[in-house]
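A.B. asks: Please find one structure pasted underneath; my questions will follow.
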Amino acid sequence: MRRHGLVLLSAVVLASVVATGAGAHSTPQIRAQKAHERAVIAEVNKIGANLESVIQAYDGAKLELQRVEQSLQRNTYKLHVARRNFRAAQKRLMQRIFSDYVYGKPSSLEVLAGAKNISGLINRAESAQAISNQDSALGRQALHFEHAVQHRQRELTSLRRQRAAAVQRLSSQKQEIDAALGREKRLLASVHTTIHRLQAQEAQREQRLRAEALARLRRIAEEKAAAARAQKSESGSGGGLVGSPVGSPIPTPGTGAGHPAAAQIALRYLGVPYVWGGSSPAGFDCSGLVMYVYAQLGISLPHYTVSQWNATEPISTSEMQPGDLVFFDGLGHVGIYIGGGQFVDAPHTGSVVRIDSLATWGGSFVGARRVP
């Protein structure tokens, strides 16, 4: 029962962590703390199993001690009866010898004078025929019963000491394991608190980065709209730049090709859990996220990083715009660039869709590509 409660406690803790982690983003620190937490939970379960076996042994030892105590009580009563019977037999025997002496059996005096104990007295009385066979049998029976009960009393007393020592030893062991279990539970609570704190910090960071990314995307959209208005105005007035043909496009910095709307769409799915092979808001892997985001723009991309690399056009890092794709780890990972040196991706099992930085990403950067 205790063990089941302990396992249930661990399951509740794990469920709580999973529930918390599902809505929060992952970082190396959070992953390390979660790994630590799993190790502590395993240790808690290990200690709990050990405690359960000790508790069972402790309960068994207490039961055995109780049985010995009960046997000892019964034997003590038997010893009391045996001594009472022995004293009665001894009294009867002495009365018989004294009566024989008074009424003319001088051998009775010799029996009394030479006996060193009751056993010897019976033997000498039998030899001298100073007592009847019935008296002798009663005396020997009483003496034998007392000796047997005394022997049993010594055995039970020794057994009680052994059982009491076992109970004490197991009680001490139980206390030590209880203390170790308490320490591990406190450590688990501390780790859990650390995870919550790190997840809260990461969630705040994600909110800040998302707000900054959306602000950048709005600026890009405004710049493009302003450039379009300026171009329309120049075309309508018939003016133009010196040396440029009338009506030719006006180059505008920061309004190059690309799909900035893809960056804005990708930001909607922050916090969606990583699912291997996933390509829907129920769960994404890295290429599944890219495929799903661009599908909403009417652009079909394959669900495979290498194929996505081959289906896109190379650009330099200086040319990167929101919506471009960034590849890592020998084309083993892909994300959607959102500007400011950051990208949205679904990193790995146990994580969620999140904002990562090109500068701090653990994998090796392969290159950037633009979706035509």
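The values are calculated or read from the model by the stated rules, or taken from the named source; none is laboratory data. None of these values were measured; they are calculated from a predicted model. Every residue, glycine as well, gets a Cβ built from its backbone with ideal geometry; the counts of neighbours run over all protein chains shown.
A.B. asks: Every residue in region 195-227 that is surrounded by 18 or more Cβ atoms within 10 Å (Cβ to Cβ) and of a type in the set (Gly, Ala, Ser), please.
C.D. replies: Answer for region 195-227, where residues must be surrounded by 18 or more Cβ atoms within 10 Å (Cβ to Cβ) and of a type in the set (Gly, Ala, Ser): just Ala213.
A.B. asks: Checking Pro314 against (1) assigned to a strand (DSSP E or B); (2) in contact with a Phe, Trp or Tyr (Cβ under 6 Å, 6 or more places away or on another chain); (3) farther than 16 Å from Ala359 by Cα, which single condition isn't satisfied?
C.D. replies: Of the numbered conditions (1) assigned to a strand (DSSP E or B); (2) in contact with a Phe, Trp or Tyr (Cβ under 6 Å, 6 or more places away or on another chain); (3) farther than 16 Å from Ala359 by Cα, the odd one out for Pro314 is (2).
A.B. asks: Can you find a residue in region 264-277 that is more than 27 Å from Ala200 (Cα to Cα), in contact with a strand residue (DSSP E or B) (Cβ under 6 Å, 6 or more places away or on another chain) and part of a helix (DSSP H, G or I)?
C.D. replies: no
A.B. asks: Restrict the check to region 18-27 and report whether at least one residue is closer than 23 Å to Gly283 by Cβ, assigned to a helix (DSSP H, G or I), among the β-branched types (Val, Ile, Thr) and at pLDDT below 80.
C.D. replies: Yes, region 18-27 contains a residue that is closer than 23 Å to Gly283 by Cβ, assigned to a helix (DSSP H, G or I), among the β-branched types (Val, Ile, Thr) and at pLDDT below 80.
A.B. asks: Which condition does Ala213 not pass, out of (1) without any contact (Cβ under 8 Å) to a residue 60 or more places away in the chain; (2) more than 28 Å from the chain's Cα centre (by Cα); (3) closer than 30 Å to Ser357 by Cα, if it passes all the others?
C.D. replies: If we test Ala213 against (1) without any contact (Cβ under 8 Å) to a residue 60 or more places away in the chain; (2) more than 28 Å from the chain's Cα centre (by Cα); (3) closer than 30 Å to Ser357 by Cα, just (1) comes out false.
A.B. asks: Out of the residues in region 31-51 that are buried (at least 18 other Cβ atoms within 10 Å of the Cβ) and of a type outside the set (Val, Ile, Thr), which is farthest from Arg186 (Cα to Cα)?
C.D. replies: Applying the filter and picking the extreme gives Leu51.
Yes/no per residue for (1) modelled with pLDDT of 85 or more; (2) surrounded by 18 or more Cβ atoms within 10 Å (Cβ to Cβ):
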{"site": "Ala142", "(1), (2)": "no, yes"}
{"site": "Phe145", "(1), (2)": "no, yes"}
{"site": "His151", "(1), (2)": "no, no"}
{"site": "Arg161", "(1), (2)": "yes, no"}
{"site": "Val167", "(1), (2)": "no, yes"}
{"site": "Ser172", "(1), (2)": "no, no"}
{"site": "Thr193", "(1), (2)": "yes, no"}
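A.B. asks: Looking at region 341-372, which of the residues that are modelled with pLDDT of 90 or more, outside any strand (DSSP E or B) and touching a Pro at 6+ places or on another chain (Cβ under 9 Å) is farthest from Ile265 (Cα to Cα)?
C.D. replies: Ala346
A.B. asks: Report, by residue number, each residue of region 228-249 that is modelled with pLDDT under 50 and exposed (fewer than 14 other Cβ atoms within 10 Å of the Cβ).
C.D. replies: Residues satisfying the conditions are Gly239, Leu241, Val242, Gly243, Ser244, Pro245, Val246, Gly247, Ser248, Pro249.
A.B. asks: Within region 316-329, identify whether any single residue is aromatic (Phe, Trp, Tyr), surrounded by fewer than 19 Cβ atoms within 10 Å (Cβ to Cβ) and in the same structural domain as Tyr274 (by TED's automatic domain parsing), and answer yes or no.
C.D. replies: No, because not a single residue in region 316-329 is aromatic (Phe, Trp, Tyr), surrounded by fewer than 19 Cβ atoms within 10 Å (Cβ to Cβ) and in the same structural domain as Tyr274 (by TED's automatic domain parsing).
A.B. asks: Can you tell me how many residues within region 290-305 are surrounded by 13 or more Cβ atoms within 10 Å (Cβ to Cβ) and polar (S, T, N, Q)?
C.D. replies: 1
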